[in-house]
Amino acid sequence: MPEAIDDIKAGTADLAVIPQENTIGGAVTNYIDALIAEDGVFVTGEVILPINQTLMGVPGAALDDIKLVCSHAQGIKQSEEWRKTNLPDAKTQEMDSTAAAASYVAQTGDKTIAAVAAPGAAELYGLSVLAKNVQITDANKTRFYVLSLSRPDLLNRTRAVFVAECEANRIDDIIVEFRNAGLELVTIHDRPAGSYLGAYRYVIEVENPDGITEDILKKMEEFPEVRCLGTFDVSEKGI
């Protein structure tokens, strides 16, 4: 994920898309950390996608062969119940992404190793599908942020995301001010600030169906702890 953000900063990519939150696995913390570490990268859109996880292995592998399952931490979490039933003795190994897991399995050529990844990864890396829909629930969805170097204009934007860096006993005051500004809370995640115990970076997504105005942003950014990461609209895709 840092490499994707570096590509935006270098001008070799216009946009990057990162997962932010999943129905089952919750916040995708390493990707959130990569986003909030940057000052000049903005959230310009949000896409909510249904997530169908697939178990894949090298050609010729069978389910009974699998001793190790590789995936991103989210893929491992999302397939946990299925694996308990179908691969109870298989160990797991976390990878940087589900795509990295599929690539790794293809490179090893080992029939005892499988990956949990999106269905398209099987064709991309020349793997065989061993099982479809291994996620816990068909309601599995992930919220993705679209990133760019340009802060979007506010016309018809209904959501915004902020970072608030403060102690835990301060965040309730900030949330009240969001509410007073006419904003409804969509989601909030806390990440350690890395300075001392009890200090956090809160990623706060809010919405106003009538639009996020410049006045609202100025009001919230009067707080020295608060930084706006961008305003955007949301697109949700069906299966």
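Couple of notes before you dig in:
- Checking Lys77 against (1) touching a residue at least 40 places away in the same chain (Cβ under 8 Å); (2) within 29 Å of Gly109 (Cα to Cα); (3) assigned to a loop (DSSP other than H, G, I, E, B); (4) open to solvent by 30 Å² or more (accessible area, probe 1.4 Å), the condition it does not meet: (3)
- Only one of the numbered conditions (1) within 26 Å of the chain's Cα centre (by Cα); (2) open to solvent by 20 Å² or more (accessible area, probe 1.4 Å); (3) farther than 22 Å from Phe144 by Cα is not met by Gly57, and that is (2).
- None of Ile32, Ile8, Ile18, Ile36 is farther than 23 Å from Thr158 by Cβ and either touching a residue at least 12 places away in the same chain (Cβ under 8 Å) or out of contact with any strand residue (DSSP E or B) (no Cβ under 8 Å at 6 or more places or on another chain) (or both) except Ile8.
- Scanning the stretch 205-239 for residues that are under 16 Å from Ile36 (Cβ atoms) and charged (D, E, K, R), we see that the one that is least open to solvent (accessible area, probe 1.4 Å) is Glu205.
- Leu149 under 27 Å from Gly11 (Cα atoms), over 23 Å from the mean Cα position of the chain (by Cα) and at pLDDT below 95: no
- Residue in the stretch 219-233 that is of a type in the set (A, V, I, L, M, F, W, C) and in contact with a Gly (Cβ under 6 Å, 6 or more places away or on another chain) present: yes
- Evaluation of Thr158 against (1) open to solvent by less than 20 Å² (accessible area, probe 1.4 Å); (2) more than 30 Å from Thr98 (Cα to Cα); (3) in contact with a strand residue (DSSP E or B) (Cβ under 7 Å, 6 or more places away or on another chain); (4) not basic (Lys, Arg) (one fails), failing number: (1)
- Selection over the stretch 83-109 of residues that are surrounded by fewer than 18 Cβ atoms within 10 Å (Cβ to Cβ), assigned to a helix (DSSP H, G or I) and touching a residue at least 40 places away in the same chain (Cβ under 8 Å) gives a count of 2.
- In summary, strands (runs of 3 or more DSSP E) completely within the stretch 5-64 and bearing 3 or more residues that are over 18 Å from Asp96 (Cβ atoms) occur at 42-50, 54-57.
The values are calculated or read from the model by the stated rules, or taken from the named source; none is laboratory data. Note that the structure is a prediction, hence the values are computed from the model and not measured. Quick reminder, even Gly has a Cβ in these numbers, built from the backbone with ideal geometry, and neighbours come from all protein chains shown. Surface accessibility is based on the protein's heavy atoms, side chains included, excluding ligands, DNA and RNA. Shrake-Rupley method; radii C 1.70, N 1.55, O 1.52, S 1.80 Å.
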